[in-house]
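Student: If you scroll down you'll find the structure; I have some questions about it.
The values are calculated or read from the model by the stated rules, or taken from the named source; none is laboratory data. The structure presented is a predicted model; accordingly, all values stated were derived computationally and were not measured. Here the Cβ positions follow ideal geometry from the backbone for every residue, glycine too, while neighbour counts run over all protein chains shown. The protein model used for the area step is the full one, side chains on, heavy atoms only, and it has no ligands, DNA or RNA in it. Shrake-Rupley method; radii C 1.70, N 1.55, O 1.52, S 1.80 Å.
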Amino acid sequence: MNTIKKLTCALLAVISLSAQAYNDHRNARVDSLEAALKSSNPPKGEELLFAYDELMRGYLPYNGEKARHYGCKALALSYQLNELLIRQYTLRNFGLLSYGRQDYDKALDYFNQALAVTDTIMQSRRYTQKDLDDSRSALYGSIANVYNMQGKAHLAISYYQRALPIFERNNWLESQAILYNNIGELYLTMGNEVEAERNYLLAVQKGEASKDSLMVALPRKGLLRIYIDKSDYTKARQTAEQCYGYYHAHRTEETEDYPVVLALLVRLNLMEGHRDMTTAKAYAEEALNLVDSLMFENQSEVYTACCEIAMVERQWQKALGYALRSIHSDSLAMNTDVANYQLLAEIYTELGHKEKAREYIRKMYDVMTRYATDHYQSGLSQMEVLYETEKKEVRIAVLDKERSLYRWLLVAAAIAIVALVAGSFLMMAVHRREKALLAAKVALETETNERRIMARDLHDGLGGMLSLLRLKMEDYKRQMGQQGQQEEVLPLLDNIHTELRRTAHHLMPEELLKNGLLSALRDFAVSVPNARFQTVGNIHLAKETSLVLYRCAYELVNNALKHAEAGLIDIQLIQEPHAATLTVCDNGKGITTAAEGMGLQNIRERIAPYHGKMDIISDANGTEINVTLPL
C-alpha cells in the first residue's frame, strides 16, 4: 500500500497542470502576482482570472489557506466570465487540497464537479482537444487515486482505465507506466495474479520506452512477488537480478522499498530445490539492520522472511519472536496477517503449545471470514457506484447526440426530404412484398384447410364406401359361392383403398400438425419405396415453413418416382441459424432445364413469397435439388 501511495503522488504530479513552474521555491512568481494585484493598475477580466488561477496553483503545494483564498476568487470570477477551463482547474485544485488533508469524500465531490464541467467543455468550440485531454485525464487519475487510497480497488481500476486511452492517444509514456503499475498493485491486493502480472509487464514496457529507471524497477518488484508465489524460480531469478540492481543502487532514496526487495530475495533463496541459506541470511541481516533503524509500513515482510529462515533451521523460539513482530494487533488485523497466523500456528505446534496453535488457526479463519465479507460488501457497493456512473455517462452521451442533431438540423431536413421520396418507393416495394407474403400465407392456409377437408372426406367418405363395397362383395361371394372376377376385383379394391389412404394422408398429414416436420418427413420416407431420410442440426421450424417444406418434399419425391425412374431417393433436412434447406437426391436419369415441368414451377412459386430459392444439379447419373428458405 505504501508503494501505491508514492505512485499516487507521482501520478498527481505528472497529470496535474500545477507541474508547471508557478513558483521557483523562493515565492518569486506568487509574490510578483500578488504585487500586481495591489498595484495602481491591477489586472482585470480574464487577466485577473488567470492571475487568481496561477496564485492558487502556486500556493497549493505549501500554503493551503492562501491557495483556498485565491481559488474562491478564481471560481467566482470564472462564473462571471463563463470561463469553463479555469473553473475546472479550480475545482480540481480544491479537490487536491482536500486530498492532501485526507478528506477523500470531499475530494471526490470536487473532482466530480470538475468532471461535470469538462462535459460542458466538450460542447464548446473555444477549447482544443488537448485542453479536454489534459482535464479529463487529470480528473480520471485523481478520482482513481482517491478510490485507491480508500481501498476501493474496483472503482480505482475503472477510473485508471478511463485515463489510459487519453495517455495512449497523446503518447504520455510515463503516465501510462505509473497507471499500469498502480492497476497491477490493485489487482495483486485483490488476489488476481493473472491481471496483476499483465499490467506489471505493460508498466515495464512503458517504463523502458520512457527511459524511466524507477518505472522499470517498480513493477518488477510486483512481478518478483508473483513469480515467487507461483514457485517459478527461473522468472523470479531473472526478475530479481533486474529489480535488485536498481534498488541497491538507490538504497539511500528508496529507504522503504529496498528492505521489501531484500525480504523477497530471502524468500527466493529459500525456494525448494534452489535453497541458498548463506545468501538468504545475508539479505535478511541487511534488511533487519535497515528496519531496526527505521519505522515504516512494510517492515512486517522483513520479519516474516527472518521467521521463515529460523523455521528452516528449526530454531522455533527465534522464529516465534520474528513471527510475533510481523503481525498487527488484533484490532488492526489485516488480510496480510493470515499467512503470518499460519506460521505462528505451525511454530506453536512444533513447540508443543497446542492451545496457542488453535488460537492462531481461529484468528486466521476469523480474519479470512471478515475480509471475505468486507471484500464482498465493498465489491457490491463499488459495482453500484460504477453502474450509476455508467448510467450518467450514457445520459450525457444521449444529450451530446441530441445537441449534434440540432446543429445539423438544417442539413438533416434536406436529407429527410430526399429520404422521404426514396422511402416512399421503398415502402411501396416493402408493401408489395408484404402483400405478396400475406397472399402466400392466406393461400397456404386456405390450401391447408382445403386439403384437411379433402383428406377427411376421402378417408371418411369414399374410404368408407369402398370398405362397405368390399364387405358386400365378400358377402355376395359367400352367398353365391362364385369365384372368378371377384378374385380379381377384391385385391384391386384393396389396392385402391390403400392408395386412397396414402393420398389422404399426404394431402394433410396429421403427423405434421401434431408432431412437426421432422416426424412427418420421417413417416413419408417410410411410405416411399427405397427412400431414406436424415437431418442435420436442431430442427425447430414455424408451422408455415414446415408446411411449405413438406409440400416441396412431397412434390420432389413424386417427380423422382414418376419422371426420373429413380431406384434410390435420399431426403435431407438441414437447419442453420439463418436458413433451413431441404435436399432431395435420386439416382434417376436426370433432368434438363428445358424439361422442368409444372411440379418444379409450382415449387418455385410456392417458395418465392418467402424469399426462398431452389438449386438443381442434374446429370445422367442422378439429380440433386436444394430448396432453401431463410428463417
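Student: Here is the link list: 543/613; 235/318; 235/281. Which ones come out longer than 25 Å on Cα distance?
Tutor: From 543/613; 235/318; 235/281, over 25 Å: 235/318.
Student: May I ask you to order 310-320, 37-47 by the average number of other C-beta atoms within 10 Å around their residues, highest value first?
Tutor: Going by the mean number of other Cβ atoms within 10 Å, highest first, we get 310-320, 37-47.
Student: Tell me which trypsin sites (Lys or Arg not before Pro) from the stretch 124-225 have a DSSP coil assignment and no more than 15 other beta carbons within 10 Å of their own.
Tutor: 125, 126, 211
Student: What FRET efficiency comes out for the pair residue 36/residue 289, r = Cβ-Cβ distance, R0 = 60 Å, nearest 0.05?
Tutor: 0.65
Student: Which whole-angstrom value gives the distance between the alpha carbon centres of the stretch 68-103 and the stretch 237-285?
Tutor: First find each Cα centre; the distance between them is then 45 Å.
Student: Quick one: pull the percent of accessible area on the stretch 91-172 belonging to carbon and sulfur, 1.4 Å probe, ligands and nucleic acids left out.
Tutor: So the carbon and sulfur contribution to the accessible surface is 46 percent.
Student: Around residue 68, with a cut-off of 13 angstrom between Cβ atoms, what is the net charge of the other residues, counting Lys and Arg +1 and Asp and Glu -1?
Tutor: +3
Student: With each label point set 7 Å from Cα along the Cα-Cβ vector, what nm distance links residue 252 and residue 229?
Tutor: With each label point 7 Å from Cα toward Cβ, the separation is 3.5 nm.
Student: Amide H neighbours of residue 622 under 5 Å, counting only residues 5+ apart in sequence or on other chains, H built in-plane at 1.01 Å?
Tutor: Counting only residues 5 or more places away or on other chains, the set is 590.
Student: Classify the stretch 62-140 from the C-alpha gyration tensor, please: rounded if a/c falls under 1.5, else prolate or oblate depending on whether a/b exceeds b/c.
Tutor: oblate
Student: Just to check I understand the Karplus step: with θ = phi - 60° and J = 6.51 cos²θ - 1.76 cosθ + 1.60, what whole-Hz values come out for the stretch 56-65, glycine and proline as x?
Tutor: Running phi through 6.51 cos²θ - 1.76 cosθ + 1.60 with θ = phi - 60° gives 4, 5, x, 7, 3, x, 9, 9, x, 5 Hz.
Student: Work through the residues other than residue 363 whose Cβ is under 14 Å from its Cβ and net out their charges, Lys, Arg +1 and Asp, Glu -1.
Tutor: Summing Lys/Arg as +1 and Asp/Glu as -1 gives -2.
Student: Continuing with the same structure: Compute the signed sum of charges (Lys and Arg +1, Asp and Glu -1) over the other residues within less than 11 Å, Cβ to Cβ, of residue 54.
Tutor: With Lys, Arg at +1 and Asp, Glu at -1, the net is -1.
Student: Additional query: Using DSSP to define loop residues, name the chymotrypsin sites (Phe, Trp or Tyr not before Pro) in the stretch 56-142 whose beta-carbon has at most 13 other beta-carbon atoms within 10 Å.
Tutor: 62
Student: Further question: Just how far, in whole angstrom, is the stretch 116-167 from the stretch 562-631 if you go by their alpha carbon centroids?
Tutor: What the calculation gives is 62 Å, centre to centre.
Student: Once you keep just the Cα pairs under 8 angstrom separated by 6 or more residues, what percentage relative contact order results for the stretch 145-193?
Tutor: 34
Student: Related question: Using a Förster distance of 45 angstrom, determine the FRET efficiency expected from the C-beta separation of residue 526 and residue 194, and round it to 0.05.
Tutor: 0.20
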